[in-house]
Amino acid sequence: MQLVLAAIHLEASPRAVPLGPAMLASALKRACPDTVQTRVLDLFLQQSAAECADQILASDPDGVGLSLYVWNRALGREIALILRARKPSLLLFAGGAEASADPAGMLAEGWLDLVLPGEGEELLVAVVGALLRGDSLDVVRRGIRPGLVQDLGSLPSPYLDGTLDPSAYSGMLWELSRGCPFRCDFCFESRGTAGTRRVPMDRVQAELRHFEACCVSQVFVLDPTFNFDPRQAKAILRLIAAEAPAIHFFFELRSEFIDEELAELFASLRCTLQIGLQSADDAVLRRISRTIDPEDFEAKVLLLHEAGATYGFDLIYGLPGDTLAGFRASLDFTFSLAPNHVDIFPLSVLPGTRLQDTAPGFGLQHLSETPYTVLASPTFSAADMAAAAELAAACDRLYNLGRAVPWFALLLEALDLSPSELFERFAAFSGAHPEPDTTTLQVAFFDHCFQGRGEGPVAADLVTYFGRSGALLEAPDALPCLASFHHDPHVLLELLGSGVTDLGQLASLLPEHPCQARFDLEGEEVCLHLIEADAAGAGGDLLR
């Protein structure tokens, strides 16, 4: 039997790794080494369904499995319909969150032969075994039951058995656990499971050594509560420090379980931390089976800040009982904690979640098909949802893409605005000034904000330096760029390094020095070479 197991990724990125299909392929490789051959295939949302079908049929498979999620269900259906038309005998089956949430409904749509809900490794081996024995599809369907793999150590590793080659991808997904000890209503992760099952430490160490040997540069850890067991989390962090100190890791955390030792361990590694805040309002969070103590949250995040760890937050707008004003307050709380990045999403009422059951009682109006986004509620009108979406987009452009961490608080204080007020102004300004380059747009925006004030040129220089240097660090192969400054950027950086963090004081201390600077990357450091402004038009004289 020839099988294609396909992942349909959002886009080509370091996260676009077909770990799920590879796990299934590894299980089949061990269970049916002589009778089943599998091909793991990467597909992308940007491709047409016909193009995806061509890639699948290139190896003339007997069966095709699709991993279906919120973002790819529609494309998966289109692909399946084309495959059915071009090769009617093809066995079509699907797994993933969408299949697990509503297996009967998905099967009833008629474009799949089998739907495999739950964790698929043991289930797929059983299904393939039944088909190889000659069981009919009806018999196989009646025998399908969603289940959990109780011992994750019993599963073969697709990395260690050669199914998935880490050197073929720009990043890696690394599964350390399944299940969740919490019961957040909007999340499918913990529905129907009890507690967390973890990958044994000997396998963790073996995979980590393999990543290092394959020169993996970044790893995204699949464990939504990595630090729920602080002792094990610390052991893994020490193992990373010993075995793979050059790799950059991405972790998801719960704030409640952060302590000083853990913060120091994170800070000692190349890593980025993401914490699910969702809202700063405890009354709102309790409606979705979460809680928050803002003072404790702030204290735990302060441990990360003081240790020098890089961290960000998730926020959701449209939660039951929340309002636009409440969302603004959550924004203000979030940015008071100096995050490195903030990801903001509209609430989705996902199939199979507890929120799907309670949504009618909360009066949530939402899309009935992917992506199941909330449209309005009694406390969050459609107009409010649109306003929140504008705030989220402004936050992403101004703060995340705009590399605003080094200067955001400094400019915010000088303007005497709350973060949400600044984002509202930026949303209005960017709507009237479509500028494709983010740094150029930021400079124009703050020129507008500081119009007639002496701090304006300093603000422009700060935005320009950190925007251009950050872009160069993210794209080292880019050509060196030139940028204009009102003051000598070296002096500006020296003043910042000496502890001057008041924009007005910086403006009074900085002598005017119009110039251009060329940004170069030497090793991992950005270097500036100044050119006199009056000579720049003729090529300029290199000053530093």
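See the values below:
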| item | result |
| --- | --- |
| Some residue of region 395-410 being without any contact (Cβ under 8 Å) to a residue 40 or more places away in the chain and small (Gly, Ala, Ser) | no |
| Any hit, region 193-203, residues being touching a Phe, Trp or Tyr at 6+ places or on another chain (Cβ under 8 Å) and not in a helix (DSSP H, G or I) | yes |
| Scope region 127-153; condition modelled with pLDDT under 95 and under 34 Å from the mean Cα position of the chain (by Cα); matching residues | Ile144, Arg145, Pro146, Gly147, Leu148, Val149, Gln150, Asp151, Leu152, Gly153 |
| Complete set of residues in region 65-101 that are more than 29 Å from Gly179 (Cα to Cα) and part of a loop (DSSP other than H, G, I, E, B) | Lys87, Pro88, Ser89, Leu90 |
| Unique residue being within 22 Å of Asp223 (Cα to Cα) and touching a residue at least 60 places away in the same chain (Cβ under 8 Å) when the list is Gly65, Gly120 | Gly120 |
| Residue in region 502-510 that is out of contact with any strand residue (DSSP E or B) (no Cβ under 6 Å at 6 or more places or on another chain), surrounded by 13 or more Cβ atoms within 10 Å (Cβ to Cβ), modelled with pLDDT under 90 and not in a loop (DSSP other than H, G, I, E, B) present | no |
| Selection status of Ala58, without any contact (Cβ under 8 Å) to a residue 12 or more places away in the chain, over 18 Å from Arg141 (Cα atoms) and not charged (D, E, K, R) | yes |
| Subset of region 455-484 (residues that are touching a Ser or Thr at 6+ places or on another chain (Cβ under 7 Å) and not hydrophobic (A, V, I, L, M, F, W, C)) | Thr464, Gly467, Arg468 |
| Single unsatisfied condition, Thr438 versus (1) surrounded by fewer than 19 Cβ atoms within 10 Å (Cβ to Cβ); (2) in the same structural domain as Leu472 (by TED's automatic domain parsing) | (1) |
| Near pairs, Cβ below 6 angstrom, 6+ apart or cross-chain, from region 291-318 (farther than 18 Å from Cys395 by Cβ) to any residue that is basic (Lys, Arg) | none |
| Within region 102-137, considering residues that are assigned to a loop (DSSP other than H, G, I, E, B) and in contact with a helix residue (DSSP H, G or I) (Cβ under 7 Å, 6 or more places away or on another chain), the one surrounded by the fewest Cβ atoms within 10 Å (Cβ to Cβ) | Trp111 |
| Per-region count, region 138-171, residues within 20 Å of Asp42 (Cβ to Cβ) and not in a loop (DSSP other than H, G, I, E, B) | 3 |
| Residue among Arg354, Arg328 that is among the basic types (Lys, Arg), farther than 19 Å from Ala387 by Cα and outside the structural domain of Ala101 (by TED's automatic domain parsing) | Arg354 |
| Number of the exception - Leu5 against (1) over 22 Å from Glu121 (Cβ atoms); (2) out of contact with any Asp or Glu (no Cβ under 7 Å at 6 or more places or on another chain); (3) aliphatic (A, V, I, L, M) | (1) |
| Residue among Ala388, Ala414 that is over 18 Å from Pro320 (Cβ atoms) and touching a residue at least 24 places away in the same chain (Cβ under 8 Å) | Ala414 |
| Search result, residues across region 449-499 that are touching a Lys or Arg at 6+ places or on another chain (Cβ under 8 Å) and in contact (Cβ under 8 Å) with a residue 60 or more places away in the chain | Phe466, Gly467, Gly470, Ala471 |
| Sole residue being part of a helix (DSSP H, G or I), touching a Ser or Thr at 6+ places or on another chain (Cβ under 7 Å) and modelled with pLDDT of 95 or more, chosen from Leu398, Leu410 | Leu410 |
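The values are calculated or read from the model by the stated rules, or taken from the named source; none is laboratory data. Values in this document were obtained by computation on a predicted structure and should not be read as measured data. Cβ sites come from the backbone with ideal geometry, for glycine too, and all protein chains shown count toward neighbours.
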